[in-house]
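Beneath this line is the structure, given in structure tokens, with notes to follow.
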């Protein structure tokens, strides 16, 4: 099982720790993940044109079983990735830190929405998703 992680990226990698925590929460539950900044851009060591980046992202979304959209911080790219996944029939799981606004549009296309207080809460959340077969039933 593989998840695509959609999250706002920063040149200064200010949310690298959060990306790693989401990745680890998936990995603990035996879910592989792809995060473009981590896996393809190698934390900023490689750069791509916008066209290349979107092509790479779309290919990774297509070979994922579901995407995890972290909406703790909004970004146009997140909407593009979520919309692409939805158009391809790939389940969307939206997560966000408590108190963050999740747009009605994203609520409308997400299979599940989860707000977390601490990123460590995600380990149990992904475990429950697997146990209840929410992800499997959506595929």
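FYI, it's all coordinate maths here, none of it is from the lab. Just so it is clear, the structure is predicted and the values come from calculations on it, not from any experiment. Because the Cβ atoms are built from the backbone with ideal geometry, glycine has one as well, and the counts that use them run over all protein chains shown.
What's the exposure ranking of 19, 56, going from fewest to most Cβ atoms within 10 Å?
Fewest to most other Cβ atoms nearby, the residues stand as 56, 19.
Full extension of the chain between residue 118 and residue 10 yields a length gain of 36.8 nm, computed as 0.36 nm times the residue separation minus the alpha carbon distance. Per-residue extension of 0.36 nm, minus the Cα-Cα distance of residue 97 and residue 45, leaves a gain of 15.9 nm for this segment.
When 38, 45, 128 are sorted by how many other C-beta atoms sit within 10 angstrom of their C-beta, beginning with the fewest, the order is 45, 128, 38. With neighbour counts taken as other beta-carbon atoms within 10 Å, the residues 63, 109 rank, fewest first, as 63, 109. When both the stretch 1-74 and the stretch 113-133 are represented by their alpha-carbon centers, they are found 18 Å apart.
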